[in-house]
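As structure tokens, the structure follows; a few thoughts come after it.
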Amino acid sequence: MTFTGTNKMDVREVIIIGSGPAGLTAAIYAGRAGLKPLVFTGYMYGGQLMFTTLVENFPGFPDGVDGPRLMENMKTQAAKFGAELKHVDATAVDFKKRPFEVAAGKEKFAAKSVIIATGATARRLGVPGESKLFGRGVSSCATCDGALYKGKTVAVVGGGDSAMEEALFLTRFASRVVIIHRRGELRASKIMRESAAANPKIKFAWFSTVAEVLSDGTRVTGVRLKDVRTSEMRDVPIDGLFLAIGHVPLTKFFKGQVDMDEEGYIIAHDGATRTSVEGVFVCGDVRDTRYRQAITAAANGCQAAIDCEKYLREMS
Ligand SMILES: Cc1cc2nc3c(=O)[nH]c(=O)nc-3n(C[C@H](O)[C@H](O)[C@H](O)COP(=O)(O)OP(=O)(O)OC[C@H]3O[C@@H](n4cnc5c(N)ncnc54)[C@H](O)[C@@H]3O)c2cc1C
């Protein structure tokens, strides 16, 4: 077993876990502050934007920017300011020790501070066609992709408030929005239910689940729906499918180390980046159940690095 960072010489100022907009922005700021951050990028380097094509709402790119290119640029910028990137997943942490320990498989690393930026993933349906078309007609973010469906037909899967919000937002662009729900009534709050029901562009596919996402090989052309009461199948032509069945924060290996809410989101105790452990900070979608945007994640990454730098300064 290799131990790195177990003697004083090797103790890092800061380890950043995650390489989406939050982690890499934290790395840019920490790097510029001279902290030489060590970044565990994870196997899913670049985060959620690696699954999309055009990002049209990130400031500074009036013609939009390719998601993977934006992340590659952030990575280059972080490395330019001295961030060291390890393309592996962190697999365990020990925040009870000082310095903190972060393990990646059998290797262990030590740091005076840690920034958690592991993000969250949209819950998937797990049906044929979904993975192949994710980011190419299957989306988990109406704010991000809604504008691509002007005058088209889209479907939203889910029955909660988020699903209603996504559906109502999509009616600004799409000519028709079908809400697919496995029950005969919605879980959403009364006000959201009523708004959706009153919108002439919204139709409901009750007692239905998605059995398959249909495509012509490159883009979504429809969904195959299963009636949960009769098991009958029917195909509904659509141009885009939005998943609104929740998100899962990637926090399993932080359990017992840092305070989380009941869904596993890490709690930022000051509403910004401070966690229940002094010296451990959190940023981006892994603590955000509300905004979930690249720019809010990046902004929060900046805050985490500034808070972390201040903590290290006060500690020394
Ligand atoms: C298809 C799609 C399209 C989108 N389009 C837009 C858009 O147009 N505009 C917009 O603003 N937002 C968009 N979003 C939302 C945006 O991508 C997210 O809000 C943003 O990426 C969140 O950034 P983050 O850094 O918090 O997390 P993420 O981007 O999720 O990054 C998390 C990082 O943590 C890493 N990680 C996880 N576990 C570990 C571990 N154990 N060890 C090391 N690393 C780990 C992952 O590898 C990943 O690099 C889109 C999302 C999706 C899925």
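Descriptive notes on the structure:
- Condition check for Ala90: within 11 Å of the ligand (Cβ to nearest atom), assigned to a helix (DSSP H, G or I) and touching a residue at least 40 places away in the same chain (Cβ under 8 Å): no
- Evaluated against (1) in contact (Cβ under 8 Å) with a residue 12 or more places away in the chain; (2) out of contact with any Ser or Thr (no Cβ under 7 Å at 6 or more places or on another chain), Glu262 falls short on exactly one condition, (1).
- Residue match in region 183-190 (condition: modelled with pLDDT under 95 and within 16 Å of the ligand (Cβ to nearest atom)): no
- Pairs meeting the criteria (first residue in region 283-294 and farther than 21 Å from Ser113 by Cα, second residue more than 6 Å from the ligand (Cβ to nearest atom) and at pLDDT below 95, beta carbons under 7 Å, at least 6 apart or on different chains) are Gln293/Thr143.
- Selection over region 259-316 of residues that are away from the ligand (no atom under 12 Å from the Cβ), touching a strand residue (DSSP E or B) at 6+ places or on another chain (Cβ under 8 Å) and not in a loop (DSSP other than H, G, I, E, B) gives a count of 10.
- Pairs meeting the criteria (first residue in region 295-316 and on the phi < 0 side of the Ramachandran plot, second residue within 12 Å of the ligand (Cβ to nearest atom) and aromatic (Phe, Trp, Tyr), beta carbons under 7 Å, at least 6 apart or on different chains) are Ile295/Phe58.
- Residues in region 114-136 that are within 16 Å of the ligand (Cβ to nearest atom) and in contact with an Asp or Glu (Cβ under 7 Å, 6 or more places away or on another chain) were compared, and the one that is farthest from Phe95 (Cα to Cα) is Gly129.
- Note on region 228-247: residues that are surrounded by fewer than 16 Cβ atoms within 10 Å (Cβ to Cβ) and either closer than 15 Å to Tyr149 by Cβ or among the charged types (D, E, K, R) (or both) amount to 5.
- Some residue of region 33-46 being of a type in the set (Lys, Arg), away from the ligand (no atom under 13 Å from the Cβ), in a loop (DSSP other than H, G, I, E, B) and in contact with an Asp or Glu (Cβ under 8 Å, 6 or more places away or on another chain): yes
The values are calculated or read from the model by the stated rules, or taken from the named source; none is laboratory data. Computed from a predicted structure; not experimentally measured. Note that each Cβ is placed from the backbone with ideal geometry, even for glycine, and that neighbours are counted across all protein chains shown.
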